[in-house]
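Any read-out appearing in this document is the output of simple, stated calculations on the displayed coordinates, not a laboratory observation. Please read all numbers here as calculations on a predicted model, not as lab measurements. All Cβ positions, glycine included, derive from the backbone under ideal geometry; neighbour counts span all protein chains shown.
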Amino acid sequence: MSSDCIFCKIVKGEIPSTKVMETEKSYCFLDINPINPGHLLVIPKEHFTTIFDIPDDVLADLISTVKKLSEAVYKAVSAEGINVVQNNYRAAGQLIDHAHFHIIPRFSNDGFLTSWPGKPANASDLNAVKDKITSHL
Ligand SMILES: [Zn+2]
C-alpha cells in the first residue's frame, strides 16, 4: 500500500468512488473522466505499480473481473465495441502509479482512438525483434 496513492485511498474508502463490484483481490469503479458513459477501472486492492509487479494469482482475478465487467457494460450501455486498455509507465500513458485496467465502451464515431499508426515491417525485422523478446522469456 502506498499512503499517497489515490487508488489505494479509493480501495480503503478514504476517497469516494462509484463502486461497481469487488472481489477478494479486485476493485472496480466508474472512471470520473469517462471516454464514454460506463467507462470502468479495475484495480488490484493491493498496491502494484505496473503489470510487471502483479502476482499471477492477483492478475488472474483481475482479468477474470475485467472479462465479466466488459460483457456487463457492453450490454448495459448498448455499446458497439469495448476497449480493454492497461497502460504501464508515462510513455504508455499511465497517469496513476497503481496498476489498472480501463474498460471503455465504444461507439462508432465517438472520436476515441481514431487512428492506429502501425508501420509495415518486413520478415527480417519481425524475426529480429522476436529473437530479442524470446531471449527475455
Ligand atoms: Zn495504490
Which one is nearest to Asp110 (Cα to Cα), of the residues in the range 59-98 that are of a type in the set (A, V, I, L, M) and in a strand (DSSP E or B)?
Ile82
Residues being without any contact (Cβ under 8 Å) to a residue 12 or more places away in the chain and either in a helix (DSSP H, G or I) or of a type outside the set (D, E, K, R) (or both) - total across the range 6-26:
5
For the range 64-77, state whether one or more residues are in contact with a strand residue (DSSP E or B) (Cβ under 7 Å, 6 or more places away or on another chain) and within 16 Å of the ligand (Cβ to nearest atom).
no
Could you tell me which of the residues Phe48, Phe29, Phe52 is under 22 Å from Asp4 (Cα atoms), hydrophobic (A, V, I, L, M, F, W, C) and assigned to a helix (DSSP H, G or I)?
Phe52
When every residue in the range 6-32 that is crowded, with 16+ Cβ neighbours inside 10 Å and within 11 Å of the ligand (Cβ to nearest atom) is compared, the one nearest to Leu62 (Cα to Cα) is Tyr27
Considering only residues that are without any contact (Cβ under 8 Å) to a residue 24 or more places away in the chain and more than 20 Å from Glu22 (Cα to Cα), look in the range 78-109 and name the one that is farthest from the ligand (Cβ to nearest atom).
Asn109
